[in-house]
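Scroll down for the structure; my scribbles are underneath it.
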Amino acid sequence: MKISSNEICSLVEKGIAHMTSPPKNIPTQLVVDAPILGNGDLGAAVGGDGAKQVFYLGKNDFWTQAHLGETAAQHQDRLLNKEGRRTGSRIVAAGWLEVTIPQLEGAPYKVDQDPYLAEVRGDFKQGKAHARFTSFICAVQNTLVVEVENSGQEPLNIQFKTMPGTYHAGNEVYGYEDGIREDTVRWEYPAEPYGGLPGRRWVYAGVTSDAETIYTPEVMARKGGSFTLAPGADARIMLTMLSNLDAPNALEETHRLCVASRTGWQQLKAAHRKWWQDYWARSIVKTGSDILDGYYYSSLYIIASAVRAGKVPPGLFGPWITVDDPKWTGSYTLNYNYESPFYCLYTCNRQHLAESYIEPLLDIIPVGQMYAKEKFGRPGIALPVEIGPWGMVCSALFHNQKTNAAYCCTNIFMHYFSTRDEDWGRRAYPFVREVADFWEADLVWEKERSRYSVVKDSAHEEYSRKDGEKNNTHALGLIQMVFRDILKMSEELGLDANRREKWAHIRDNLAQFPTFERNGKTVFRYNEEDYAWRDVNGTPVKFIYPCGCVGFESDPEILQIARDTLEQKENLFDNGNAFCEYTVMCARVGREPKLLYDKLIWACQKRGMQNKYIFHGGGGIEDCSGVTSGINEMMMQSHEDIIRIFPVWDRATDAAFTNLRAYGAFTVSSSITGGQVDFVQIESEKGRQLTIDIPWSTANLTVNGQNTRVINDKRATIDTNPGDVLYLVKGI
């Protein structure tokens, strides 16, 4: 369903972050509170003030790699026998650009982060000096453009400097080279500064300006240039950065693009805006709350600035890396952090950005096979909590969790079942099969109880527990999901027919989720034999979401136990590890719509930073899925292959959504006014059979504008063809 560009703009601009004080959390090991820019590969966090703006530069593929130079035997020995908390592999800062206008010292801070145009605008005035900045990282090329307009009454003296590494390191950066070439400042920098190890990651940067610039090649470090900008004039500073993954000769390609940007910046800006315009047109929601709308679109801005198909996926903090020792190595933390930022992309119809999610998982399969064999004596794969790209392990610790690889499958299933992209599914399937191989061997068949049990696995990150737990709900949910959904994938893709009987037997005979009595109600307990409850974490309810083991089609008794459990876990609305998933959990079991709506607003107000980045402290970009996925599932659900329209929505609040994505490769649009659903439009991409709960007692259906059909059933099943457009309204 098409949406007007004016309507899109007015909605997305609710996500503009108006900042009136310089950022404080920069540099940081965690999440910056600064204005941010990014194109899913290169990122910039803008620190400082009007007199000195610092663009802290990070790149998703700029990682140290501890295994470089090791033989296969040395690598295996280190990962199995010599590793503790950290391996040394981590993402590190790439470099920085400093832009200084001394006349603006003390100017009031006034900066807007605009998600619609994906740019940061600053307006600084001090006496007769007045500068307006507009900065963006081109969506289709790794070029940062900093535009400066002199809106004052006196010339502005503008200086810029650049260096690799961390800004606070000063000149103490090792292993880099720099220089001046054809009116550009250039530098190159390795992630591992010592030795000539093959495979180490390099970044190359070039900085130039379209003003008449005096460059300073004679300085030892922090090379740059300066120019004077007359009143009414404008000029640009451009920085291009590539890695040795981006081009065969990244050094020369960086220089070529940098030089071309002097005259081609307008084309870059046009291409940038076109990309973001198309991105915003993918889907739209109206929540009825300016606060929720604002954080919904700012969250989508942040995630789109952090991830891109064909690029290395982001770690915990996206490309906004401002130090060389980010918390938790900035890694792919597999026990929820790596998976959860992508959740919102599937329901928001932006799944194309997440296509590279599987690449680190495919790369890590040999390491996972080694761990499964040597650590557990099993086939298949087992993975520690923290990994990186290209088969890296950032921490060899498992924390007594055998389920990390299974958790990775949540996104594979969401992506596949919402797109039915068979080519992508075939690429991802080998990882899922390796997970199934491990658990098929590791589960314990208890003949006397005719069930499969999980033994020696912990729901939490346990450091002292040796034997783990039996049948913790987290593991049971993940394993149920794996065998339920690999069966569907294998059937649809025509793979592993000989395995399905055993997989179905596991799916149908897995131990039940354990329960106990708490506060007068039956609730799910953490595990079968050990501790029953903890208030601090959302792990024992993740079988509801993202595992999808409970929903409106579940047995009513199970559904009630799930509701009662979540009622006693309401601290998770403000939990450092659960915010990104908890609202969807509640929506999946039909908790009070007004409660969820109000709690999301409360979370935005309590945890939103000045750049409209929601941060609870448990990780980083995963909180982009808190408001977005929560709102989407309150408005439309499909995970049980049944489309439900506004299933958990306060009827007193008018709302609308356009082109949310449903399982089965459908996009769905609807609105609700005065407590009544106005219409439902569904577009079928793959021509699959559609099942929908009709939101009225009688509905009129048209397909492609023809052949009106009356539906009197509460639930309808409709055959579709690729490209069909179904339109339903209330019948008379």
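Nothing in this text is a laboratory measurement; each read-out follows from the coordinates by a stated rule. Predicted, not measured: the structure shown is a model, and the values here were computed from it. In this analysis, Cβ positions are derived from the backbone assuming ideal geometry, glycine residues included, and neighbour counts consider all displayed protein chains.
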Can you tell me the order of 643-651, 474-482 when each peptide is scored by its average per-residue count of other Cβ atoms within 10 angstrom, highest first?
474-482, 643-651
Chymotrypsin sites (Phe, Trp or Tyr not before Pro), restricted to the stretch 349-441: which are DSSP loop and have at most 13 other Cβ atoms within 10 Å?
none
If I model a spin label at residue 278 and residue 169 as a point 7 Å from the Cα along the Cα→Cβ vector, what separation in nanometres do I get?
3.6 nm
Take the Cβ-Cβ distance between residue 709 and residue 678 as r, set R0 to 22 Å, and report the resulting FRET efficiency rounded to the nearest 0.05.
0.70
Going through the stretch 411-484, which trypsin sites (Lys or Arg not before Pro) have at most 10 other Cβ atoms within 10 Å and a DSSP loop state?
466
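For the stretch 15-283, what is the Kirkwood hydrodynamic radius in Å, using each pair of distinct C-alpha atoms?
Numbers: mean 1/r = 0.0513 Å⁻¹.
In the stretch 15-283 this quantity evaluates to 19.5 Å.
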What are the extents of the Cα atoms of the stretch 514-635 along their three principal axes, in Å, largest first?
44, 31, 24
Considering only the other residues whose Cβ falls under 13 Å of the Cβ of residue 541, what net charge follows from Lys and Arg at +1 and Asp and Glu at -1?
+2
Taking only Cα atoms of the stretch 135-289, the Rg to Rh ratio with Kirkwood Rh works out at 1.04
Could you work out [θ]222 nm for the chain from helices alone, using -39500 (n - 2.57) per DSSP H run of at least four and dividing by all its residues? Round to the nearest 500 deg cm²/dmol.
-9000 deg cm²/dmol
Spin-label point model (7 Å from Cα, Cβ direction): what's the residue 376 to residue 267 distance in nm?
5.2 nm
On a 0 to 90 degree scale, rounded to 10, what angle separates helix 365-376 from the longest Cα axis of the chain?
60 degrees
Quick check: from the Cα gyration tensor, does the stretch 618-732 come out rounded (a/c under 1.5), prolate or oblate?
oblate
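Test of understanding: ordering 344, 549 by Cβ neighbours within 10 Å, fewest first, what list do you get?
549, 344
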Quick shape summary for the stretch 411-543, equivalent ellipsoid via Cα gyration tensor, semi-axes whole Å in descending order, reads 29, 17, 14
Before anything else, pin down the relative contact order of the chain: Cα pairs under 8 Å, at least 6 apart, normalised by residue count, whole percent.
12 percent
Residue 120: net charge of surrounding residues, Cβ under 10 Å, Lys/Arg +1, Asp/Glu -1, itself excluded?
-2
Compute the length gained on full extension between residue 516 and residue 560: take 0.36 nm times their separation in residues and subtract their Cα-Cα distance, giving the result in nm to one decimal.
14.5 nm
So what is Rg over Rh here for the chain, counting just Cα atoms and using Kirkwood for Rh?
0.98
Exposure proxy check on 381, 26, 180: fewest-to-most Cβ neighbours within 10 Å is 180, 26, 381
Intensity falloff of the stretch 338-418 expressed as log10 I(q)/I(0), Debye formula with alpha-carbon point scatterers, at q = 0.13, 0.17 Å⁻¹:
-0.42, -0.68
